[in-house]
1. Place a +1 charge on the Cβ of each Lys and Arg in the chain and a -1 charge on the Cβ of each Asp and Glu, then give the dipole magnitude about the Cα centre in debye, rounded to the nearest 20.
2. Ranked highest first by the average count of other Cβ atoms within 10 Å around their residues, in what order do 136-142, 63-69, 74-80 fall?
3. Using the 10 angstrom Cβ neighbour count as an exposure proxy, how do R23, R96, R115 rank, fewest first?
4. Points 7 angstrom from Cα along the Cβ direction at S17 and S126: gap in nanometres?
5. I'd like the distance between the alpha-carbon centres of region 5-75 and region 128-142, rounded to an integer number of Å.
6. What length, rounded to one decimal in nm, is gained on full extension from E83 through to N45, with 0.36 nm per residue of separation minus their alpha-carbon distance?
7. Mind listing the long-range amide H neighbours of N76? Cut-off is under 5 Å, sequence gap 5 or more, other chains count too, H placed in the peptide plane at 1.01 Å from N.
8. What order do you get for V38, V31, V10 when you list them from fewest to most C-beta neighbours inside 10 Å?
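Please treat every number below as a calculation from the coordinates, not as lab data. Please read all numbers here as calculations on a predicted model, not as lab measurements. Glycine gets a Cβ as well: all are built from the backbone with ideal geometry, and neighbour counts include every protein chain shown.
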Amino acid sequence: MSAARPSTQVTWTRTASADLLHRLRERQPLVQCITNAVVTGFTANVLLALGAAPAMTDIPTEAGPFARIASGLLVNLGTPHVEQREAAVEAAHAAREAGTPWVLDPVAVGALPVRTRLAHELVALSPTIVRGNASEVIALAT
């Protein structure tokens with residue numbers, strides 16, 4: 001007989017969800033978003049609906065200082081133009097130094113060389129969370 005596997009199931013209740021949403025709205029976190037042009041408005045609206053304060057601060061020389069004062073940082077590589085790539089690296093460095101939690105969304109990593117190199121550079125800066133599909137996560141692991 002094999003040993004019993006530990007349970008990895010997480011129970012999430014409506015009460016826990018409501019409590020989390022209530023705490024989020026009380027805190028009103030300032031979330032810096034360096035995100036792709038396709039979802040900028042949607043991302044901002046979702047954050048606003050949740051009670052956060054989104055800031056689409058994605059240009060070099062501003063991204064780093066802003067990441068130091070933000071409650072969190074989102075870096076989405078969906079449409080990474082040159083300035084946005086520089087801003088993402090600058091903000092990730094600043095977030096790491098300041099202890100600001102940050103999320104990396106490595107869109108299309110593995111399929112496109114420019115963003116794959118960028119994603120590897122960003123992973124080296126220790127994102128708090130990597131939000132990706134299976135192929136993106138595999139590409140980052142290789």
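1. The dipole magnitude comes to about 480 debye.
2. So the peptides 136-142, 63-69, 74-80, ranked by packing, come out 74-80, 63-69, 136-142.
3. Ranked by crowding around the Cβ, least crowded first: R23, R96, R115.
4. 3.3 nm
5. Distance between centres, Cα-based: 19 Å.
6. 11.3 nm
7. HN-HN under 5 Å from N76: I34, T35, N36, D105.
8. Listed from fewest to most nearby Cβ atoms, that is V10, V38, V31.
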